[in-house]
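We did not get these values from a lab; they are worked out from the coordinates using the rules stated. Because the structure is predicted, anything quoted here is derived from the model rather than measured. Here the Cβ positions follow ideal geometry from the backbone for every residue, glycine too, while neighbour counts run over all protein chains shown.
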Amino acid sequence: MIELSQEPIDIQPVYILDQGRGSNQREQAVIRTITELLQNRWETRATFLPVDVIKVEDIKENAAITDAWKRFHEEFEYGIQHDWIARLAAWKYPMIELCIENVVGDHRQTAYFIEKYGVVKRTDHGTIIDCEKSEDVLNLVLGNVILPILDITERQMLENVKAWGYMDVMEHIWFCHTPIDGEPCGLCNPCHTKVGSGMGWLFPAEAQRRFRRRQVIEKTLGKKAGAVYSRLCRWPGR
């Protein structure tokens, strides 16, 4: 978003509202904060259009897309948001930009599926699936989106942010799916990805401790035990 803000373009943010998601209010507040910060920067040349908030239940059904996503989910626990986004792209926003970075470690599901089921090609706007050379299951889930940062790691993006002088914006980013006491939990997949990418400084001390405890539990007792620990951390009214 910082990079886009420096271009003379219109930016149309889209937010898919999942009423059951514990962080949705925080996420929307962060969108407003970051947008305001960027609008007040002298470097900004882009125009920010109002956020299009779309409820999950309002996205048009598409059985073929959902069935393809289920295949990925069964194979590698691919997040349900990819079903929503693929159906949204087919219904209202074809070739919407989906910002999945170059993830390292255990959370690189998108790269895994692309390598297994398809071929990509580069365009001026980012990476896209080469639908003529890829399998239908991949085309249905990711064939109607642009992946502009698929080749860039979190560490590389952080270095760019530092070089451009936007750390005041970076401090406001939000990523946690299941916050505890209004702070990142350190337990969900996005939190794991952030820590693994060298972004642990964004976490409060207790979240870092939860992350380390879960890592130890999973190494000694397995992933199921780690999942139980995560549920227990969220048990007391959270």
For this session: Could you pull the Cα extents of segment 79-238 along its three principal axes, largest to smallest, in whole Å?
Result: 48, 40, 29
Exercise. If you rank His125, His192 by fewest surrounding Cβ atoms within 10 Å, what's the result?
Worked result: His125, His192
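I need Leu88, Leu98 ordered by Cβ neighbour count within 10 Å, fewest first. Kindly include the intermediate steps, with their values, before the conclusion.
Working: Leu88 25, Leu98 20.
Listing Leu88, Leu98 from fewest to most nearby Cβ atoms yields Leu98, Leu88.
Would you work out the Kirkwood radius for segment 2-146? I mean one over the mean of 1/r across all pairs of different Cα atoms, in Å. Walk me through the numbers on the way to the answer.
On the way: mean 1/r = 0.0600 Å⁻¹.
It is 16.7 Å.
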Problem set entry | Nearby lysines by direct alpha-carbon distance to Lys162 (threshold 25 angstrom, same-chain neighbours under 8 apart not counted) | Lys194
Seminar exercise, completed: Length gained, Ala205-Glu218, 0.36 nm per residue minus C-alpha separation, equals 2.7 nm
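Please identify the helices of the chain, taking whole runs of DSSP H, that span at least 27 Å along their own axis as judged from the Cα atoms and have a mean Kyte-Doolittle score of -0.5 or higher. Please report the intermediate quantities before stating the final value.
Values: long enough: none.
Span-like helices here: none at all.
Rg/Rh for segment 1-53 to two decimals, with Rh computed the Kirkwood way over all alpha-carbon pairs. Let's see the in-between values first.
On the way: Rg = 12.1 Å, Rh = 11.8 Å.
Ratio value, two decimals: 1.02.
When the chain is fully extended, how far beyond the present Cα-Cα distance does Lys55 get from Glu171, taking 0.36 nm per residue of separation?
Values: separation 116, 0.36 × 116 = 41.76 nm, distance 2.76 nm.
Answer, rounded to one decimal: 39.0 nm.
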Problem set entry | Charge context of Val53, other residues only, Cβ under 14 angstrom, K/R +1, D/E -1 | -1
